[in-house]
Amino acid sequence: MNRLSGKIALISGAAKGMGASHARAIVAEGGSVVIGDVDEQNALALVEELGERAAFARLDVQVNEDWDNAVQTALDAFGGLNVLVNNAGILRSADIVDMPDADWDLVMGINLTGVMRGMRAAIPALVKSGNSSIINISSTAGLKAFPGTAAYNTAKWGIRGLTKTAALELAHQGVRVNSIHPGNVKTPMIDGLYMDFKHVAQGRAGEPSEISNLIVYLASDESSFSTGSEFVADGGETAGLPNLADL
């Protein structure tokens with residue numbers, strides 16, 4: 001249970017859902033974690049649960065000063081930063097013709113620009129620590145389109161390009177950069193979206209812990225030769241149309 005011994009991670013959107021699962025997995029494997037979120041109540045409860053290897057930083061990913069403070073929290077509490085997990089994200093649904101500017105700007109600001117702001121703030125500390133990892137959470141919506149979610153799709157596709165650009169820029173500075181593309185995962189974000197999962201080969205939604213397994217791998221030295229890559233965990237959703245007779 002020491003795959004991440006000595007690793008120090010900062011996770012955005014970590015107070016609940018997949019982010020909280022990732023934090024638990026990192027601590028369980030011997031790492032330390034800064035819980036970054038605007039949801040202070042749930043974040044502090046998670047810090048209390050995880051103990052001395054967890055700290056809280058209020059983090060609105062749209063605010064540069066919040067990112068700077070979150071990175072500094074990692075340095076002050078644990079002495080460095082090895083891992084950045086850009087996990088924060090929101091969903092707003094509307095056809096393009098009905099898309100309010102405010103919804104478009106909010107989704108892009110959190111889901112895409114927030115990722116860039118996080119990397120920009122964390123890179124100096126990651127480079128100084130060496131052998132570091134940036135993990136950007138995209139989606140199957142970054143691999144294929146879904147009607148009615150243009151802002152979300154666009155942001156998640158954008159994460160792919162941003163990840164690959166950062167991987168090229170940072171490869172010789174000891175920082176790996178990869179994206180994870182989850183399918184439907186049991187979090188409040190997918191509540192009410194599907195009556196069933198017949199579009200998924202395995203016929204089900206994933207558990208947050210199944211994505212956290214990839215987080216641990218990419219945060220660890222086990223993934224030392226992986227950068228600029230896309231890791232998909234979607235139950236076979238993007239493989240193609242399943243045999244409906246099997247579901």
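Looking only at residues in segment 201-225 that are in contact (Cβ under 8 Å) with a residue 12 or more places away in the chain and assigned to a loop (DSSP other than H, G, I, E, B), the one that is nearest to Q173 (Cα to Cα) is S224.
Working only within segment 78-103, note down all residues that are hydrophobic (A, V, I, L, M, F, W, C) and in contact with a strand residue (DSSP E or B) (Cβ under 9 Å, 6 or more places away or on another chain).
F78, L81, V83, L84, V85, A88, L91, A94
State whether one or more residues within segment 157-172 are among the hydroxyl-bearing types (S, T, Y), modelled with pLDDT of 95 or more and loosely packed, with under 15 Cβ neighbours inside 10 Å. Checked segment 157-172: at least one residue is among the hydroxyl-bearing types (S, T, Y), modelled with pLDDT of 95 or more and loosely packed, with under 15 Cβ neighbours inside 10 Å. Looking only at residues in segment 44-93 that are in a strand (DSSP E or B) and within 15 Å of the chain's Cα centre (by Cα), the one that is nearest to A219 (Cα to Cα) is V83. Restricting the first member to segment 115-130 and to residues that are in contact (Cβ under 8 Å) with a residue 60 or more places away in the chain, and the second to residues that are surrounded by fewer than 19 Cβ atoms within 10 Å (Cβ to Cβ) and not in a helix (DSSP H, G or I), the beta-carbon pairs closer than 6 Å and six or more apart or on different chains are S129/G80.
Listed by first and then second residue, the pairs with beta-carbon distance under 6 Å, at least 6 apart or on different chains, first residue in segment 81-97 and on the phi < 0 side of the Ramachandran plot, second part of a loop (DSSP other than H, G, I, E, B), are N82/K7; V83/K7; N87/G13; A88/G13; A88/V61; S93/G148; D95/G148. Is there a residue in segment 97-107 that is part of a helix (DSSP H, G or I), surrounded by 15 or more Cβ atoms within 10 Å (Cβ to Cβ), touching a helix residue (DSSP H, G or I) at 6+ places or on another chain (Cβ under 6 Å) and not β-branched (V, I, T)? Within segment 97-107, one or more residues are part of a helix (DSSP H, G or I), surrounded by 15 or more Cβ atoms within 10 Å (Cβ to Cβ), touching a helix residue (DSSP H, G or I) at 6+ places or on another chain (Cβ under 6 Å) and not β-branched (V, I, T).
The values are calculated or read from the model by the stated rules, or taken from the named source; none is laboratory data. Because the structure is a prediction, the values reported are computed rather than measured. Every residue, glycine as well, gets a Cβ built from its backbone with ideal geometry; the counts of neighbours run over all protein chains shown.
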